[in-house]
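The values are calculated or read from the model by the stated rules, or taken from the named source; none is laboratory data. These figures come from a predicted structure and were not determined experimentally. Don't worry about glycine lacking a Cβ; one is built from the backbone with ideal geometry, like all the others, and counts go over all protein chains shown.
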Amino acid sequence: MALLEVRDLSVVFQRKGEEPFAAVDGISFDVSPGQMVGLVGESGCGKSVTSLAIMGLLPQRGVRVEGTVEFEGKDLLRLSDRELADRRGRDLGMVFQDPLSSVNPVIPIGVQVSEVLERHEGLRRREAALRSAELLDRVGIPDPSRRLKEYPHQLSGGMRQRALIAMALACKPRLLIADEPTTALDVTIQAQILSLLSELVRDTGTALIMITHDLGVVAGMCDEVNVLYGGRIVERAGRHELFAEPRHPYTAGLLASIPRLDAPRGDRLTPIRGSVADNIPWAGGCAFAPRCPNAVDACVERSPEMTRDGERLLRCHNPVGRPAPSEEVPVQ
Amino acid sequence: MAIGTSRKERIDSLAESSASETGVSLAASAWRRLRRNPVFLVGASIIGLFVLLALLAPVLAPHDPGVRMLADQVSRATNSIPPAQEGHPFGGDQHGRDLFSRVLLGSQQTLLVAVLATVIGLGGGLTLGTLAGAFGGWVDSLVMRIVDVMLSVPSLLLAVSIGALFSSQTQFTVILAVAIVQIPVFARLLRGTMLAQRESDHVLAARSLGVRQRSIVFRHMLPNALGPVIVQSTLVLAVAIIDAAALSFLGLGAADDSVPEWGQMLGNAQNVIDSHPHLAFWPAACIIVVALGFTLVGESLRDALDPKRRR
């Protein structure tokens, strides 16, 4: 049985006097215990909103969340604020994009780590401090007992991200959501943080949802990859299948735009034409159609349904390589 | 060799400058800039001087401020207002009491009123601002509408009205009136910074860890939102001094004038200002200088704590 079952999750932002906007438009996916699942896409495709919706951290006004998010059989979207707060940090952890602004600048790191342990495991201050030191040590922060007393501005970006990972994993959550955890860091630090994450997740059996725009990150760690476009999943496949044979033109475009070491010098990168701003609403066709090199008439006439091709899910009228599989997947 | 040393020096000086920049807390860097700011130094010296005078006033005052001079010291020609003379550098007031001692002791009342009114106003403002900023929604709307109503009345007018509400005016009613006027200023300011904190990344991160609402408000939001409020409170000290003096001047202060207070002295000097302007001059000058001292400190503190101006 899956640890997390997301079914038909939609997040609609509505402001007074404005058209409602669906940032996430009927997303379904599963995460099994210990599995690493990637959510990939460019800015504005709904990655972060999906993660905030799962955590119940979206603002309460002006947002409509639909569908179900079942965690161990319990729908997180139906829990009360109090029940949800009890689960956050204990069962569900999250690591954010920007380690510089995601720590409280006015209290020492140690207090922030201890706070989680005191909150969820009822530890006394002294025990919590000991455990915090162990945790900092575990995430590779040298001299942890000294660092515990330091304020965030005394730590480097990489250190702070390590501290944040320590906080998120303090109570051994069964699901960790990492929302672009390396975007704000140096490339050298990125690799360290990623290997730390995958090592910790493997050791503790925690399931991981990795949210990123960086296919390199996904290639390194995820078992299964969901490619998002305009708030919908357009392709889902195992890591190897996806990279070996991208079927959706958007996935293919993302892969083609990565610079290659073995490409001849002077070769230009291959971008995806246009920007997210060119999207058409899914109701009238495929949101990606205006930017798609493979677009056919059908793409602007009717919205493509999710189709199954072996283990792969695909939402495209005219995929790369072979023609679209005929078997339609009923919305799970 | 010479080149070697100059290079070393250069590197050392670079290291020094970088060491002084990295890992310095906001408070430490603000203090470093304040120490070199002449505006702050002038303001702080003024405040320091008056605090010292207020503390030492009972010892320094040559005479009891409530006791009248003997009749032989009062010349009939001066309409019972004794001129400056041996032992009475400023002369006496309308009731023949030593003016110098009264001005000196007046500093106690003024500083007491300023500090108490600011503390009470700050307490009220923090409570309301925290309520509004932490809960949002209808609590926020309710609190802010009350605050808006209070802010829409000119502050001195509001203070006078509140002061006049009490059946018998004392120094404490002055303090209360001035404090209540300051509550909406603090509340509005704190509410704004609290709302900004609510949207901040670290509060979101704290919520993602399941931290309790109480802890989010008091540990993660409030301490980060306090900076502007602290600066504001030093500016409010100056306003409180002036407002309190104005209330006393208008006769809404303590009815009993045996305890000297600058605003009241100023009010009493009104009738004789043509013949004896010095009776008004000394208390007025003191009020202006003390208020200026607090304003200078407040302004320079605001600049020092402004992150955009951090170097």
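Which residue is surrounded by the most Cβ atoms within 10 Å (Cβ to Cβ), if the candidates are limited to segment A:136-161 and must be more than 14 Å from chain B (Cβ to nearest Cβ) and in a helix (DSSP H, G or I)? The selected residue is A:Leu136. Checking each residue in segment A:181-199 for being outside any helix (DSSP H, G or I) and either under 22 Å from A:Val116 (Cα atoms) or within 11 Å of chain B (Cβ to nearest Cβ) (or both) picks out A:Pro181, A:Ala184.
Select, from A:Ala287, A:Ala295, the only residue that is surrounded by 15 or more Cβ atoms within 10 Å (Cβ to Cβ), assigned to a loop (DSSP other than H, G, I, E, B) and over 25 Å from the mean Cα position of the chain (by Cα). Exactly one of A:Ala287, A:Ala295 is surrounded by 15 or more Cβ atoms within 10 Å (Cβ to Cβ), assigned to a loop (DSSP other than H, G, I, E, B) and over 25 Å from the mean Cα position of the chain (by Cα), namely A:Ala295. For segment A:113-129, a residue qualifies if it is more than 14 Å from chain B (Cβ to nearest Cβ) and surrounded by 15 or more Cβ atoms within 10 Å (Cβ to Cβ), and the qualifying residues are A:Leu123, A:Ala129. The condition of being farther than 30 Å from A:Val69 by Cα, touching a residue at least 24 places away in the same chain (Cβ under 8 Å) and within 11 Å of another protein chain (Cβ to nearest Cβ) does not hold for A:Ile177.
The residues on offer are B:Asp243, B:Asp256, and the sole one that is more than 22 Å from the chain's Cα centre (by Cα) and more than 14 Å from chain A (Cβ to nearest Cβ) is B:Asp256. Taking the criterion of being in a loop (DSSP other than H, G, I, E, B) and modelled with pLDDT of 85 or more, the residues of segment A:298-310 that qualify are A:Arg302, A:Ser303, A:Pro304, A:Glu305, A:Met306. Note on segment B:161-194: residues that are surrounded by fewer than 18 Cβ atoms within 10 Å (Cβ to Cβ) and part of a helix (DSSP H, G or I) total 5. The set of residues in segment A:88-120 that are under 19 Å from A:Pro59 (Cβ atoms) and without any contact (Cβ under 8 Å) to a residue 40 or more places away in the chain comprises A:Arg88, A:Ser101. The listed residues are B:Ile242, B:Ile230, and the only one of them that is β-branched (Val, Ile, Thr), closer than 30 Å to A:Met167 by Cβ and surrounded by fewer than 23 Cβ atoms within 10 Å (Cβ to Cβ) turns out to be B:Ile230.
For segment B:250-286, residues that are under 19 Å from B:Pro65 (Cα atoms) and either surrounded by 22 or more Cβ atoms within 10 Å (Cβ to Cβ) or of a type in the set (Phe, Trp, Tyr) (or both) total 15. Of all residues assigned to segment B:208-220, at least one qualifies as being surrounded by fewer than 24 Cβ atoms within 10 Å (Cβ to Cβ), among the aromatic types (Phe, Trp, Tyr) and either within 14 Å of another protein chain (Cβ to nearest Cβ) or touching a residue at least 40 places away in the same chain (Cβ under 8 Å) (or both). Of all residues in segment A:71-112, those that are more than 8 Å from every other protein chain (Cβ to nearest Cβ), assigned to a loop (DSSP other than H, G, I, E, B) and either among the aromatic types (Phe, Trp, Tyr) or farther than 15 Å from A:Leu176 by Cα (or both) total 6.
When B:Phe90, B:Phe100 are checked against the criterion of being more than 30 Å from B:Asn224 (Cα to Cα), in contact with a Phe, Trp or Tyr (Cβ under 8 Å, 6 or more places away or on another chain) and outside any helix (DSSP H, G or I), B:Phe90 stands alone in meeting it.
Matching residues to (1) in a helix (DSSP H, G or I); (2) more than 20 Å from B:Leu266 (Cβ to Cβ); (3) under 28 Å from the mean Cα position of the chain (by Cα); (4) modelled with pLDDT of 75 or more:
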position: B:Ser45; (1), (2), (3), (4): yes, yes, yes, yes
position: B:Val59; (1), (2), (3), (4): yes, yes, yes, yes
position: B:Pro65; (1), (2), (3), (4): no, no, yes, no
position: B:Asp72; (1), (2), (3), (4): yes, yes, no, no
position: B:Leu104; (1), (2), (3), (4): yes, no, yes, yes
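Being more than 14 Å from every other protein chain (Cβ to nearest Cβ) and of a type in the set (Val, Ile, Thr) is the filter; apply it to segment A:21-49 and report the residue that is farthest from A:Glu83 (Cα to Cα). Here the residue is A:Val40.
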